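Peer 1: Dumping the structure here so I can ask a few things about it.
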Amino acid sequence: ARFSRYRNVHVIQGVVPEVLVGTAPEHIAYLHIDLNAAKAEIGALEYLFERVAPGGFIIFDDFGHMTYVEQHNAETAWMQRQGYRILELPTGQGLVIKR
């Protein structure tokens, strides 16, 4: 109900990554990942990464916070396999700009 007045906002309940099938946009310019669970965040990446447009941004919310070291390690390894490095921002977030 909180977002009902916004036509371009769709709240979809479910488990990531399964809920993304059939609901995720085809093209993404800005992807902000903040799920607080390594398995869900990697699942989201696996499903959404190819949909991020060249020049698009991916933000990893808790990348530099060591209480989320499992996420940090999983995201770093996943992005390295794709040929990317995550830039840690002063805010503790991680940033990737897709080529």
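Peer 1: Can you list residues from other chains, or at least 5 along the same chain, whose modelled amide H is less than 5 Å from the amide H of GLY56?
Peer 2: LYS98
Peer 1: Can you work out the Karplus-derived ³J(HN,Hα) for every residue in segment 18-28? Use 6.51 cos²θ - 1.76 cosθ + 1.60 with θ = phi - 60°, whole Hz, and x for glycine or proline.
Peer 2: Karplus-based 3J(HN,Hα) across segment 18-28 equals 4, 5, 6, 5, x, 10, 6, x, 6, 10, 10 Hz.
Peer 1: Another question about this same structure. Set the Förster radius R0 to 35 Å, insert the Cβ-Cβ distance between HIS10 and ASN73 as r into 1/(1 + (r/R0)^6), and round the FRET efficiency to 0.05.
Peer 2: Efficiency at R0 = 35 Å is approximately 0.65.
Peer 1: Which distance in nm do the two modelled labels at ARG2 and GLU88 give, with both placed 7 Å along the Cα-to-Cβ direction?
Peer 2: 3.1 nm
Peer 1: Below 12 angstrom from the Cβ of GLY64, what's the summed charge of the other residues (Lys, Arg +1; Asp, Glu -1)?
Peer 2: -4
Peer 1: Over all directions, average the projected area of the Cα convex hull of the chain and note it in nm².
Peer 2: Average projection, Cα convex hull of the chain: 7.0 nm².
Peer 1: With the other protein chains left in place, how much accessible area per residue, in square angstrom, belongs to the chain at a 1.4 angstrom probe?
Peer 2: On a per-residue basis, the chain sits at 68 Å².
Peer 1: Something else now. Specify whether the C-alpha gyration tensor of segment 15-67 places it in the rounded, prolate or oblate class, a ≥ b ≥ c being the square roots of the eigenvalues: rounded for a/c under 1.5, otherwise prolate if a/b is larger than b/c and oblate if not.
Peer 2: Oblate.
Peer 1: Would you calculate a helix-derived [θ] at 222 nm for the chain, using -39,500 (n - 2.57) for each DSSP H run of n ≥ 4 and dividing by the full residue count, to the nearest 500?
Peer 2: One gets -7500 deg cm²/dmol as the mean residue ellipticity at 222 nm.
Peer 1: Roughly speaking, what is the stretch gain from VAL21 to ARG81, that is 0.36 nm per residue apart minus the C-alpha to C-alpha distance, in nm to one decimal?
Peer 2: Length gained between VAL21 and ARG81: 19.3 nm.
Peer 1: Here is a follow-up. Give me a comma-separated list of calculated 3J(HN,Hα) values for segment 41-57, in order, Karplus coefficients 6.51, -1.76, 1.60 applied at θ = phi - 60°, integers in Hz, x for any Gly or Pro.
Peer 2: 5, 5, x, 5, 4, 4, 7, 9, 3, 5, 7, 6, 5, x, x, x, 9
Peer 1: Antiparallel versus total DSSP beta bridges in the chain: what percent is that, nearest 5?
Peer 2: 55 percent
Peer 1: How many nm is it between the label spots at TYR47 and ILE97, if each spot is 7 Å from the Cα in line with the beta carbon?
Peer 2: Between TYR47 and ILE97, the simple spin-label model gives 2.9 nm.
Peer 1: Okay, moving on. Among the GluC sites (Glu not before Pro) within segment 3-81, which fall in a DSSP loop and have no more than 11 other Cβ atoms within 10 Å of their own Cβ?
Peer 2: GLU26
Peer 1: Hey, another quick one. Taking amide hydrogens as modeled 1.01 Å from N in the peptide plane, which residues meet the under 5 Å criterion relative to GLN93, leaving out close sequence neighbours?
Peer 2: For GLN93, the qualifying residues are GLY64.
Peer 1: Can you pull the percent of the chain's accessible area that's carbon plus sulfur, 1.4 Å probe, other chains left in place?
Peer 2: The value for the chain is 55 percent carbon and sulfur by accessible area.
The values are calculated or read from the model by the stated rules, or taken from the named source; none is laboratory data. Keep in mind it's a predicted model, so treat the numbers as computed, not measured. Note that each Cβ is placed from the backbone with ideal geometry, even for glycine, and that neighbours are counted across all protein chains shown. We work out accessible area using only protein heavy atoms, side chains counted, and drop any ligands, DNA or RNA first. Shrake-Rupley method; radii C 1.70, N 1.55, O 1.52, S 1.80 Å.
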